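Quick notes on the structure that follows.
The values are calculated or read from the model by the stated rules, or taken from the named source; none is laboratory data. Because the structure is a prediction, the values reported are computed rather than measured. Note: ideal-geometry Cβ built from the backbone for every residue, glycine included; neighbour counts use all protein chains shown.
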Amino acid sequence: AQSVTQLDSQVPVFEEAPVELRCNYSSSVSVYLFWYVQYPNQGLQLLLKYLSGSTLVKGINGFEAEFNKSQTSFHLRKPSVHISDTAEYFCAVSVNSGYSTLTFGKGTMLLVSP
Amino acid sequence: DVKVTQSSRYLVKRTGEKVFLECVQDMDHENMFWYRQDPGLGLRLIYFSYDVKMKEKGDIPEGYSVSREKKERFSLILESASTNQTSMYLCASSHGTGGFGEQFFGPGTRLTVL
């Protein structure tokens with residue numbers, strides 16, 4: 001079975017600073033990787049996904065992530081954050097099987113202050 | 001615009017009551033999912049369905065059941081609600097098999113069991 005570890009439960013940053021949210025996974029087979037964002041009192045929204053090909057994936061709102069197979073990581077980055085990026089971020093993994101279920105990490109709360 | 005709707009945003013029930021949470025999607029997706037979200041635990045899969053009248057247990061099915069009589073609708077049932085089922089419940093849907101399809105989420109139902 002696969003699993004996901006998000007190493008930080010909270011990441012406080014100042015506006016316009018760069019940020020990295022860390023995600024590591026474990027799986028015995030090839031995986032697909034996702035980052036979702038949850039704004040307060042809302043459901044989850046897809047930020048970006050890695051299926052195959054280029055290991056650097058660009059998503060919405062200026063976010064990007066890099067798939068590193070040797071380190072089993074899929075860290076999320078943004079060069080300059082805004083107050084509006086304050087939200088909870090979830091890393092998720094799925095495998096190529098008959099069912100398209102996702103296994104989620106426990107989430108990282110990004111707190112952007114002025 | 002794709003949409004997943006959930007019948008209630010907030011729900012308060014008493015211990016022992018039978019509770020129905022309804023989810024409807026308008027994207028003709030084959031797969032539908034029910035998760036519960038708790039602080040520090042991320043999202044955990046309760047049940048999912050990959051076709052009408054089909055259901056599969058997720059990671060935490062105890063105390064829950066589901067029903068999928070129509071493709072667009074997936075219901076989560078708490079046969080006898082207990083206080084430890086107080087949580088945020090999220091419904092999602094996706095298209096196809098193989099694990100690479102994006103899941104689209106509803107806004108969530110915050111259930112309080114007194």
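Which one of these is closer than 30 Å to B:R9 by Cα and either assigned to a strand (DSSP E or B) or within 14 Å of the chain's Cα centre (by Cα) (or both): A:V4, A:V57, A:V13?
One residue alone meets the criteria, A:V4.
For the list (1) modelled with pLDDT under 95; (2) touching a His at 6+ places or on another chain (Cβ under 9 Å); (3) not polar (S, T, N, Q), I need the number of the one condition that A:E66 fails.
Condition not satisfied by A:E66: (1).
Confirm whether A:V29 is β-branched (V, I, T), within 12 Å of chain B (Cβ to nearest Cβ) and not in a strand (DSSP E or B).
Details: β-branched (V, I, T): yes; within 12 Å of chain B (Cβ to nearest Cβ): yes; not in a strand (DSSP E or B): yes.
Judged against the criteria, A:V29 is a match.
For residues that are closer than 18 Å to B:D28 by Cα and buried (at least 20 other Cβ atoms within 10 Å of the Cβ), scanning just region B:60-74, find the one that is nearest to the chain's Cα centre (by Cα).
From region B:60-74, those closer than 18 Å to B:D28 by Cα are B:67-74; that's our starting set.
The next check asks that each one be buried (at least 20 other Cβ atoms within 10 Å of the Cβ); those that pass are B:68, B:74.
Details: B:R68: 11, B:F74: 7 Å.
Checked region B:60-74; the qualifying residue nearest to the chain's Cα centre (by Cα) is B:F74.
Here's a check for you: in region A:61-87, which residue that is part of a strand (DSSP E or B) and aliphatic (A, V, I, L, M) is surrounded by the most Cβ atoms within 10 Å (Cβ to Cβ)?
Quick first cut of region A:61-87, residues part of a strand (DSSP E or B) only: A:64-68, A:73-78, A:87.
Of the ones still in play, those that are also aliphatic (A, V, I, L, M) are A:65, A:76, A:87.
Working: A:A65: 27, A:L76: 24, A:A87: 22.
Ranking the qualifying residues of region A:61-87, first place goes to A:A65.
Can you pull out the residues in region B:30-51 that are under 15 Å from the mean Cα position of the chain (by Cα) and either aliphatic (A, V, I, L, M) or more than 14 Å from chain A (Cβ to nearest Cβ) (or both)?
B:M32, B:L43, B:L45, B:I46, listed by residue number.
Which of the residues spanning region B:76-99 are crowded, with 19+ Cβ neighbours inside 10 Å and either of a type in the set (S, T, N, Q) or outside any strand (DSSP E or B) (or both)? I'd like the intermediate steps shown before the answer.
Narrowing region B:76-99 to residues crowded, with 19+ Cβ neighbours inside 10 Å: B:76, B:78, B:81, B:87, B:89-94, B:99.
Residues satisfying the conditions are B:A81, B:S87, B:S93, B:S94, B:G99.
How many residues are within 12 Å of chain A (Cβ to nearest Cβ), within 12 Å of B:F104 (Cα to Cα) and not in a strand (DSSP E or B) when one looks only at region B:1-29?
Qualifying residue count for the region: 3.
Pairs, please: C-beta under 9 Å, at least 6 apart or cross-chain, first residue more than 14 Å from chain B (Cβ to nearest Cβ) and in region A:47-73, second of a type in the set (V, I, T) and buried (at least 16 other Cβ atoms within 10 Å of the Cβ)?
As it stands, the answer is A:N61/A:V37; A:G62/A:V81; A:F63/A:V37; A:E64/A:V57; A:A65/A:V57; A:E66/A:V57; A:T72/A:V31, since those pairs meet every condition given.
Just one of A:S28, A:S54, A:S84 is of a type in the set (S, T, N, Q), out of contact with any Phe, Trp or Tyr (no Cβ under 6 Å at 6 or more places or on another chain) and closer than 29 Å to B:K55 by Cβ; which is it? Steps first, answer last, please.
Working: A:S54 fails: closer than 29 Å to B:K55 by Cβ; A:S84 fails: closer than 29 Å to B:K55 by Cβ.
On inspection, the qualifying residue turns out to be A:S28.
Is it true that some residue in region B:83-99 is more than 14 Å from chain A (Cβ to nearest Cβ) and more than 30 Å from A:S9 (Cβ to Cβ)?
No; the residues of region B:83-99 include none that is more than 14 Å from chain A (Cβ to nearest Cβ) and more than 30 Å from A:S9 (Cβ to Cβ).
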